[in-house]
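Structure first, then comments.
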Amino acid sequence: MKINKNIIVRFAAAALGLFMLAGCSDAIQTSTVEETAGTDLSDTYAFIAKDIQNPYMQKVYEGFQTAFSELGSSSVYKAPEANTPEKQVEIINELVSQGIAGIAVAANDADMLEDALKAAMEAGVEVISLDSAVNKESRRTHIQQADPELIGRSLVRAAYDIVGGNGGIGILSTTYQATNQNLWISYMEQEIAENPEKYASTPIVQIAYGDDDETKSISETQSLLENPDIKVIIAPTSVGITAAAQVLRETESDVKLTGLGMPSQMAEYIESGICPKMYLWNPVDVGYLAGYTLKALSDGTITGAQGEVFTAGTLGERTVTLDDEQGTEIMLGDLLEFDSTNIGEWKGAF
Ligand code: RAM
């Protein structure tokens, strides 16, 4: 995968208008899991999040719900209390037994959902993953938020810039099995391995796992701060980055922060300089694209094979492409960079 794609550095008016359109058409409350027992689910599509607490996942569901309201079908939000694959299996089995039309899952493990998702597809349920992929046998295709290689390399380059090439990196990830975070971390390691001279004084010193749980992310950040070699933390998770930012503010630490975060949650830390820059894509659009993809699979417009093309509502034409593991994926697009010059424009968006 090449990394010569443009990062959107400044406020992109067109993109902002687009997601506001997608994100605001339906006001929703998704802090609780929606009940499905006893309902006809033959035209209902489920988004299974990593866990119920995560505000990022709720943003993804906003777009998912908007897609299905445009398409005249129903959607439902399901999530386990904690981000374990076992609980996701229970949710999948329950939805399949209730006759759900399709499932998009942000997986808590690449392989452990395989039996349940294969059984779902055999029962005629359309299955895709988003955010955090399942293996290619367990899905028709995957919704890829932005180029994983670009994400990993951009985060390490940002950390390097923040410490001026002099200071170790601590990573605050999610769970040990999270496929998306692990893929991004592998590209962070590759960026350093391929440029040994540049990163000689900016190694990855330690990787910690906050499990996308605020309390654990706070304590893991405190542990990272006990290591005097760490001068910058990369948190490639919206839950982790906000927890780390709180700790850095409260301890008045000189350690800096970068990662993947939602502008609405991180604006104050970007403005104060704790997190000089961070990245994300449009989470609402991730869910919106997933919704249109599931519908295109149900309609038979696509099967999830490489080269197929369909129209994803206001996002326009999308093509199914090969991913790194010879499964297929549909790329959402741009990696957005946020810093003090543009955070004000984005903080009301997501
Ligand atoms: C967290 C989740 C998710 C990731 C975002 C950026 O909410 O772990 O997987 O994509 O952060």
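The values are calculated or read from the model by the stated rules, or taken from the named source; none is laboratory data. Keep in mind the model is a prediction, meaning the values are calculated, not measured. Note: ideal-geometry Cβ built from the backbone for every residue, glycine included; neighbour counts use all protein chains shown. Heads up: the accessible areas ignore ligands, DNA and RNA and are worked out on the full protein's heavy atoms, side chains in. Shrake-Rupley method; radii C 1.70, N 1.55, O 1.52, S 1.80 Å.
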If one takes the longest principal axis of the Cα atoms in the chain, at what angle in degrees, from 0 to 90 and to the nearest 10, does the Cα axis of helix 238-251 lie? 30 degrees
Rounded, prolate or oblate: which fits the stretch 80-222, taking a ≥ b ≥ c as square roots of the Cα gyration tensor eigenvalues, rounded meaning a/c under 1.5, else prolate when a/b beats b/c? prolate
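So if we plug the beta-carbon distance of Glu122 and Asp254 into 1/(1 + (r/R0)^6) with R0 = 51 Å, what FRET efficiency do we get, rounded to 0.05? Present the calculation step by step, with values, prior to reporting the outcome.
Details: r = 56 Å, r/R0 = 1.09.
Once the sixth-power term is evaluated, E becomes 0.35.
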Compute from the Cα atoms of the chain the Rg and the Dmax, the latter being the longest Cα-Cα distance, and quote both in angstrom. 19.5, 62
Surpassing 18 Å at the alpha-carbon level, of the pairs Lys231/Lys277; Lys87/Lys216; Lys231/Lys347; Lys59/Lys136, are Lys87/Lys216; Lys231/Lys347; Lys59/Lys136
For Thr175, Thr311, give the ranking by accessible area with the largest first, probe 1.4 Å. Thr311, Thr175
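Residues of the chain: accessible area per residue at 1.4 Å, in Å²? Display every interim value, and only then the final one.
Numbers: 13600 Å² over 350 residues.
With the other protein chains kept in place, the chain gives 39 Å² per residue.
Give me the net charge of Asp285's neighbourhood, meaning all other residues with Cβ under 13 Å from the Cβ of Asp285; Lys, Arg count +1, Asp, Glu -1. Numbers along the way, then the final one.
On the way: positive: Lys59, Arg318; negative: Glu62, Asp131, Asp334.
Within the 13 Å Cβ shell, the charges total -1.
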For the chain, what is the calculated [θ] at 222 nm in deg cm²/dmol (nearest 500), taking -39500 (n - 2.57) for each run of four or more DSSP H residues and dividing by its residue count? -12500 deg cm²/dmol
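On a 1.4 Å probe surface of the protein chains, which of Ser138, Ser42 comes out largest in accessible area, and what is the full order?
Values: Ser138 0, Ser42 80 Å².
The residues order as Ser42, Ser138, largest area first.
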Net charge dipole size for the stretch 86-187 [Lys, Arg +1 and Asp, Glu -1 on Cβ; Debye, nearest 20]: 340 debye
